[in-house]
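Here the structure is laid out as structure tokens; the discussion comes afterwards.
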Amino acid sequence: MVIGSIAAPNTGMPIAALPEPPASPAASFWTSLRFFSLGRLALALLLMLPLAVGSKALWADIVVHQRLYAGVAFAYLLAAIAMFAVASRWHQRFQLQLLVQGLVDPAAIVLLMHAAGGPRSGLGVLAVAAVAGVAVLSTARMSAFFAATATLLLLGESAWRVLDAQAIDPTAFVPAGVIGTACFVTAALVNRLATRLAAQEALARARGSDLRGQLALTQLVVAQLPHGVVVFDRTGKVRASNPAAQALLGGSAGADLAQRIFRAAQSAHAEGVDLGLEAPGLPGRHRVRVRALRPEGETLGDTVVLIDDLRELEERAQQLKLASMGRLSASIAHEIRNPLAAIRHANGLLAEQVDEPRLQRLSRIVEDNTVRIDRVVQDVLAIARRERPALEPIDLPRFLGALVPEFVLMSGADRRRVEMSFETAEPMLFDPGQLRQVLVNLLGNALRYASSAPGAVRIEWRPGEDHRLELRITDDGPGLPPGMIEHVFEPFFTTESRGTGLGLYLARELCTANRATLGYEPPSDDGGRGAFVITAAGRSVDT
């Protein structure tokens, strides 16, 4: 996808200072050489016309040396065929091919001109055309060399005629001098123009390469944008779009949605306009913001439309709000700890001095609630002061073999209620201390809602459906109600009157920090168990 226009960079190099055609020419030089060879072949066929038509040709009567003309014309035709074939099929040794062609042309033309009676035949003008042709493809020095070669051949032909006539005619060299001068002037002008043209071509090729690179970079950047980007033409037809916009406008309703967005963008102000859409890429009805971008002063060109999903913006704002609340909560929790410890210590001293049952009951209430507040403070500080995990491979049978008995002893639960199953010997990549925090929280929830039967809570380490390793904590309890599943990992969400609502949130954050994921699977209709599933980081296991 191409969005907007990109200007090619300025090289800052004047055309006159650009180099002459390189020794290894571009494809355009080979194309020019091929057409130059084709023109020579057409000229050779035209020069054969007096031989084919005979006395009917208009210029047949000017040929003085019939045999010389016929031999040179035929040889020139064969040479033209050979040079055209070589230039068309053998794209090597460009300068050598150009040198051969630049020498053959004036030699053949001067011989044909001599056979046709000299400069009065008019064939000498063809030497100027031949020099101009090679000047297009050669350097300035080579162009001067070909012009000098043609001039010397013309002067030599004039000297030959003077010697053959055995009479000195001072005006015999004038036509050769005029044609030679025309060769030099034509070679200089044509080569100058050709050099400028070649420089422009090289500059255009360099800028085209830079432009392609910039367009590829622009496409890569636009494709990664979280915003939907759509380019509409003046009629509202979609010309280009990025993946985010394609996900929004996909499906059979895409054309109708695109037209609605285009109409809204036409009337949108700089801050955009909000729309309610039922888009294939968005479940349910969502609000999007549409903003139109147009070049300044352009009213009939393409329109670039940015589409923002307001749901994502609201979620991002909520995350920032939670982050700010987390920092504030951590500061408050830190300030609460010292007076809370003093209250708890004072309550303990007071409880030792009272014997009245009513006062002892009040003391226990104070103790229980201070313990609860302290647990909330510890959870908040654990979230705020979470350290970077030190990932290492954990041997789960050994790790759980030590953790589960310790946890059961501390919680006072029956050891038989917790079973362990290991279907793979692969280690789990996790921070051991943080994995302990996660499992203590999940096991505490499972034991709280599971029955007292043996094996009511199971810990399973196995490959999942997509062959990724999973640590599953299942229980035979009723599971979470459907309306609570989407909120279970939110901070401060709890169904227990004495719960803090931070345990599962902290567990999920710790899993995310260890490049793992934590999710919940409700019980199936066929009597299956509900499960909290930790999908571990690391390689998959082939089954």
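Values quoted throughout were computed directly from the atomic coordinates according to the rules given, and no laboratory measurement underlies them. Treat the numbers as computed from the prediction; the structure is a model and nothing was measured. Virtual Cβ from ideal backbone geometry, glycine too; neighbours counted across all protein chains shown.
Considering only alpha-carbon pairs that sit under 8 angstrom and 6 or more positions apart, the relative contact order computed for the range 392-535 is 22 percent. Taking a Cβ cut-off of under 15 Å around Leu41, the surrounding Lys, Arg, Asp and Glu residues balance to a net charge of +2, with basic ones at +1 and acidic ones at -1. Remark: Leu320, Leu137 ranked as Leu320, Leu137, counting other beta-carbon atoms within 10 Å and listing the fewest first. Going from the fewest other Cβ atoms within 10 Å to the most, the residues His467, His91, His114 appear in the order His467, His91, His114. Derived scalar couplings between HN and Hα for the range 510-524 equal 5, 5, 4, 5, 9, 6, 10, 10, 10, x, 10, 10, x, x, 7 Hz in order, rounded to whole Hz, by the Karplus curve 6.51 cos²θ - 1.76 cosθ + 1.60 (θ = phi - 60°), x for Gly and Pro.
Phi angles of the range 236-241 translate, via the Karplus equation with coefficients 6.51, -1.76, 1.60 and θ = phi - 60°, into HN-Hα couplings of x, 7, 6, 8, 7, 7 Hz per residue; Gly and Pro are given as x. The stretch between Ile81 and Leu152 holds 22.9 nm of extra length on full extension. This uses 0.36 nm per residue minus the Cα-Cα distance. Annotation: amide H-H contacts under 5 Å for Leu469 (H modelled 1.01 Å from N, sequence separation of 5 or more, or interchain): Gly464, Ala536, Val541.
Residues in the range 218-229 carry Karplus couplings, in order, of 5, 4, 5, 5, 5, 5, 8, 5, x, 7, x, 10 Hz; the curve used is 6.51 cos²θ - 1.76 cosθ + 1.60 with θ = phi - 60°, and Gly or Pro positions show x.
Taking other C-beta atoms within 10 Å as the exposure proxy, Trp90, Trp30 rank Trp90, Trp30 from fewest upward. Once the other residues with Cβ under 11 Å from the Cβ of Ala446 are scored (Lys, Arg +1; Asp, Glu -1), what is the net sum? Around Ala446, the charge tally is +3. Distant-in-sequence amide contacts of Met420, defined by a placed amide H-H separation under 5 Å and a gap of 5 or more residues or a different chain, comprise Ile459. In the range 392-535, the C-alpha radius of gyration followed by the widest Cα-Cα span (Dmax) gives 14.4, 40 angstrom. Determine, from the Cβ-Cβ distance of Glu423 and Ala223 and an R0 of 35 Å, the FRET efficiency 1/(1 + (r/R0)^6), rounded to the nearest 0.05. The calculated FRET efficiency here is 0.30. Packing, as the average of other Cβ atoms within 10 Å across residues, places the peptides 140-153, 197-210 in the order 140-153, 197-210, highest first.
Between Arg416 and Ala390, the contour length at 0.36 nm per residue exceeds the Cα-Cα span by 6.1 nm.
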